[in-house]
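Visitor: Provided herewith is a single structure, encoded as structure tokens, for subsequent inquiry.
All of the numbers you see were taken from the coordinates with simple rules; none came from a lab. In this text the structure is predicted, and so the values were computed from the model without any measurement. So basically every Cβ, Gly included, is an ideal-geometry build from the backbone, and we count neighbours across all protein chains shown.
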Amino acid sequence: MLIQTLARILRRRGGRTIALACTLASATAIQPGLAHAHIGATVFPAVQLTGSLNLNTASATQLELLPGVGPAMAARLIAYRTRHPFKQVSQLRRVKGIGKKTLEKLRPFVAVDGENTLSRVK
């Protein structure tokens, strides 16, 4: 109820993106892994992934499969690893835009060695 009220207030003030983030946060808290983004009458299920990516060898396209990683973040990851190859997954925190929460979202899907096997579950 609180999330719905907040969403209405933010929509009135042009905060559609923030309201959407609140909706996703509440859905994830209720059923982790089953969050849905509601935009109008369309529902987009959260993407489910399997496998892992080697942070030191993954391409930008592969990195963009990770939750919360778009073209800009993929470019920052590649720029960082060019100067400082990853020795531990926790070093992701040194990349601008990756905090504790983002690291915890990425941790199940990344490694510093091995093959790139990350793919979407169909």
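Visitor: Taking region 62-80 as the search range and keeping residues that are surrounded by fewer than 18 Cβ atoms within 10 Å (Cβ to Cβ) and over 14 Å from the mean Cα position of the chain (by Cα), which one is farthest from residue 106 (Cα to Cα)? Before the answer, list the steps.
Guide: So the first thing to find is which residues in region 62-80 are surrounded by fewer than 18 Cβ atoms within 10 Å (Cβ to Cβ), and the list is 62, 64, 67-68, 70-72, 75-76, 78-79.
Adding the requirement that they be over 14 Å from the mean Cα position of the chain (by Cα) leaves 75-76, 78-79.
Working: 75: 16, 76: 15, 78: 16, 79: 18 Å.
This residue is 79.
Visitor: Ok, one more. Can you pull out the residues in region 72-121 that are of a type in the set (Lys, Arg) and more than 17 Å from residue 62 (Cα to Cα)?
Guide: Going residue by residue through region 72-121, those that are of a type in the set (Lys, Arg) are 76, 81, 83, 87, 93-94, 96, 100-101, 105, 107, 120.
Of everything in region 72-121, those that are of a type in the set (Lys, Arg) and more than 17 Å from residue 62 (Cα to Cα) turn out to be 83, 87, 93, 94, 96, 100, 101.
Visitor: I need the full set of residues from region 68-98 which are touching a helix residue (DSSP H, G or I) at 6+ places or on another chain (Cβ under 7 Å) and not in a helix (DSSP H, G or I), in order please.
Guide: 68, 69, 95, 96, 97, 98, listed by residue number.
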